[in-house]
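Where a number appears in this text, it was derived from the coordinates with a stated rule and is not lab data. No experiment lies behind these values; they were computed from the predicted model shown. As a convention, Cβ positions derive from the backbone with ideal geometry for all residues, glycine included, and neighbour counts pool all protein chains shown.
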Amino acid sequence: MEGFSRINYSGVVFSRVDREEIRGPQRLKEHTLLYIRSGRAEVVCDGRRTPLSAGDCVFLRKDHRLAVEAWAPENGQPFRSVALFFCRHFLHSYYRGLSRRDLPRDARRNDEPVLKIPAGPELESLFLSLTPYLDTADALPEEVAWLKRLEGLRCVLAADHNFYASLFDFAQPWKIDLLSFMEENYLYDLSLPELARYSGRSLSAFKRDFKKVSDLTPEKWILHRRLEDARRLLSGGDCRVCDAMLEAGFKDPAFFSRAYKKAFGYPPRETPQDA
């Protein structure tokens, strides 16, 4: 789109608008921390408008439909913003390093889709350190992007301890729906104890609760779910077997072929279209 640019460096996103920009509604797939570097903007969600000026920072909750309207400042400079994305894999990684003593037991989920984060020296320092990458063509190194997202996450948690219950909704005492959790995580190479821990359960409770929602064991459920993904990809007719295998989370071609034929009655290469 003319007058608009967006660059994503491993979850750190720089946006630039040279004129008024109105984006259509979109559903956020990841929790996002948005900082306005210059110009002004409005986040529109559920009929409510949240105005933002240069220096403002806002937390946008995933799984909500919203639109962002942005305006360049009147001095001829472009509108600029920086967004930090917190995907589930990133949040899992951070959670692993936390001591259980660090988790506030009185935290409560807040489902507000748009929340302003108070400005503070840590937050200002974080985004100031990213400013040079706005003004040059230098790429932001992946390891730096990861560290900056960590800084942003710590700022969010420090702003309100209730964010613990929203961001780490796979942990006790914020136990989440088991099948929804499995749907979001079946492609990751997580052990059964890790799945139990991230769902907010002990291993025994995880197995017991899983029996209530599925006739399959967790391992067989994951295998079946991945095989379904592979068949969906292959039935489209434009995906190679090796690509479908990898995208569905398999690494061993021989195992994949055997499991696929056992599940569907034919090998992957003979998958009928629109199966």
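Helix check for the chain. Which DSSP H runs span at least 24 Å along their own axis by Cα, with a mean Kyte-Doolittle hydropathy no less than -1.0?
Numbers: long enough: 142-159 (26 Å, 0.38); 218-235 (25 Å, -0.97).
Helices meeting the criterion: 142-159, 218-235.
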Inter-part distance where segment 214-275 and segment 85-162 are each reduced to a Cα centre, Å: 37 Å
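Too long at a 25 Å Cα-Cα cut-off: which of LYS148/LYS251; LYS116/LYS148; LYS212/LYS261? Before the final figure, lay out the partial values.
Working: LYS148/LYS251 32 Å; LYS116/LYS148 19 Å; LYS212/LYS261 28 Å.
Flagged as over cut-off: LYS148/LYS251; LYS212/LYS261.
Can you tell me the length gained on complete extension of the stretch PHE4 to VAL144, counting 0.36 nm per residue apart and subtracting the Cα distance? Before the final figure, lay out each step's value.
On the way: separation 140, 0.36 × 140 = 50.40 nm, distance 2.48 nm.
Length gained between PHE4 and VAL144: 47.9 nm.
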Taking the structure as given and computing log10 I(q)/I(0) by the Debye sum over Cα atoms at q = 0.08, 0.11, 0.12 Å⁻¹, which label from [x] -0.44, -0.79, -0.90; [y] -0.49, -0.74, -0.82; [z] -0.45, -0.73, -0.82 fits? [x]
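Taking R0 as 45 Å, what FRET efficiency do you get between GLU194 and ASP18 from their Cβ-Cβ distance, rounded to the nearest 0.05? It would help to have the intermediate numbers written out before the result.
Working: r = 46 Å, r/R0 = 1.02.
Rounded to the nearest 0.05, the efficiency is 0.45.
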At 0.36 nm per residue, and after removing the present C-alpha to C-alpha distance, how many nm does the segment from ARG208 to SER99 gain when stretched out fully? 36.7 nm
Looking at segment 1-106, which GluC sites (Glu not before Pro) are in a loop (DSSP not H, G, I, E or B) and have at most 10 other Cβ atoms within 10 Å? GLU2, GLU74
Summing +1 per Lys or Arg and -1 per Asp or Glu among the other residues with Cβ less than 11 Å from ALA259's Cβ gives +4
Looks like segment 219-270, by Cα gyration tensor root eigenvalues a ≥ b ≥ c and the a/c under 1.5 rounded cutoff (else prolate when a/b is bigger than b/c, oblate otherwise), is rounded
Long-range amide H partners of GLU30 with built H, under 5 Å: ASP63
Nonlocal amide H pairs with LYS116, under 5 Å, H built at 1.01 Å: PHE59
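Under a Cβ-Cβ cut-off of 9 Å, what is the net charge of the residues other than ILE117 that fall near it, where Lys and Arg count +1 and Asp and Glu count -1? Walk me through the numbers on the way to the answer.
Values: positive: LYS116; negative: ASP56, ASP160.
Within the 9 Å Cβ shell, the charges total -1.
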